[in-house]
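The values are calculated or read from the model by the stated rules, or taken from the named source; none is laboratory data. Worth saying up front: this structure is predicted, and the values here are computed from it rather than measured. Cβ coordinates were reconstructed from backbone atoms using ideal geometry, including for glycine residues, and neighbour counts include every protein chain displayed. Each accessible area value is taken on the protein alone, full model and side chains, heavy atoms only, with ligands, DNA and RNA left out. Shrake-Rupley method; radii C 1.70, N 1.55, O 1.52, S 1.80 Å.
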Amino acid sequence: NNFHGTLPFEMFTSSLDLRNIDIGGNDFEGMIPKGFGNLPKIALLRINNCTFEGELPPELFVSTSLRMLVVSDNNLNGSLPDELYGATSLRDLDLSSNEFSGTVSTDIGNLKALNTLELQSNKFVGTIPSTLGLLSNLETVDVSFNLFNGTVPEEVCDLRNSSASFTELVADCNGTLPRVTCTCCSACEVGL
């Protein structure tokens with residue numbers, strides 16, 4: 001498709017029985033509508049590869065049904081909202097290829113159902129939270145091409161080494177002066 005324009009907030013009301021929204025690969029612009037948070041049964045929200053801008057609306061995380069959020073390849077920025085860390089039913093979170101910044105809270109350890117965490121190609125800073133090691137369902141974590149520093153926490157390596165399903169862990173641990181030290185990564189990127 002090649003839909004374009006903005007999506008009005010009023011379009012998404014609690015009376016809609018929508019479970020899956022996939023509008024990726026279009027030319028939508030403006031802010032992500034806060035109205036997506038009005039959809040109580042929303043399980044999949046894929047709004048990648050558009051030209052959305054601004055911050056990630058905290059209202060997206062109101063629904064306890066949200067299992068997959070993909071907002072990659074947009075122009076989103078700012079810090080991650082605290083409400084994200086309360087979305088305990090999330091299994092797949094893809095925030096890659098945006099301009100997100102700030103730190104990733106240790107509260108990410110609350111997302112116990114998480115299988116996939118894709119944060120690559122943003123501007124996150126600080127250290128990689130050790131609480132990722134609490135997420136026993138993890139299969140893929142990509143934190144490359146950010147401004148993280150330090151060491152991939154021992155707790156994350158312990159989980160990766162003890163889990164047959166945690167097969168992909170990617171960080172900026174390659175190059176002459178790697179930003180991150182990692183003894184358990186499946187791939188090391190040179191990074192930013």
Sorted on mean Cβ neighbours within 10 Å (highest first), peptides 55-62, 140-147 come out as 140-147, 55-62
Per the 1/(1 + (r/R0)^6) rule, R0 = 41 Å and r from the Cβ atoms of T88 and N174, FRET efficiency to 0.05 is 0.75
Per the 1/(1 + (r/R0)^6) rule, R0 = 25 Å and r from the Cβ atoms of S65 and T6, FRET efficiency to 0.05 is 0.50
Cross-link reach from K34 to aspartates and glutamates, straight Cα distance under 17 Å and at least 8 residues apart if same chain, gives E10, D17, D22, E53, E55, E59, D82, E83
Scoring only Lys, Arg, Asp and Glu (+1, +1, -1, -1) among other residues with Cβ under 10 Å from the Cβ of F61 yields -3
Carbon/sulfur accessible area of the chain, % of total, 1.4 Å probe, equals 47 percent
If each part is reduced to its alpha-carbon centroid, the stretch 26-74 and the stretch 142-180 end up apart, in Å, by 27 Å
Taking a crude spin-label model, label points 7 Å out from Cα along the C-beta direction, the A43 to M31 distance in nm is 3.0 nm
Result for the stretch 42-159: accessible area per residue, probe 1.4 angstrom, in square angstrom, of 37 Å²
Rounded to the nearest 10 Å², the accessible area of S162 using a 1.4 Å probe with every protein chain kept is 90 Å²
Calculating semi-axes √(5λ) of the Cα gyration tensor in Å from this structure picks out, from (1) 26, 20, 18; (2) 30, 18, 13; (3) 55, 24, 18, entry (2)
Protection proxy (average C-beta count within 10 Å per residue), highest first, orders 73-83, 19-29 as 73-83, 19-29
Between T183 and D22, the two model label points (7 Å from Cα along the beta-carbon direction) sit apart by a distance in nm of 4.2 nm
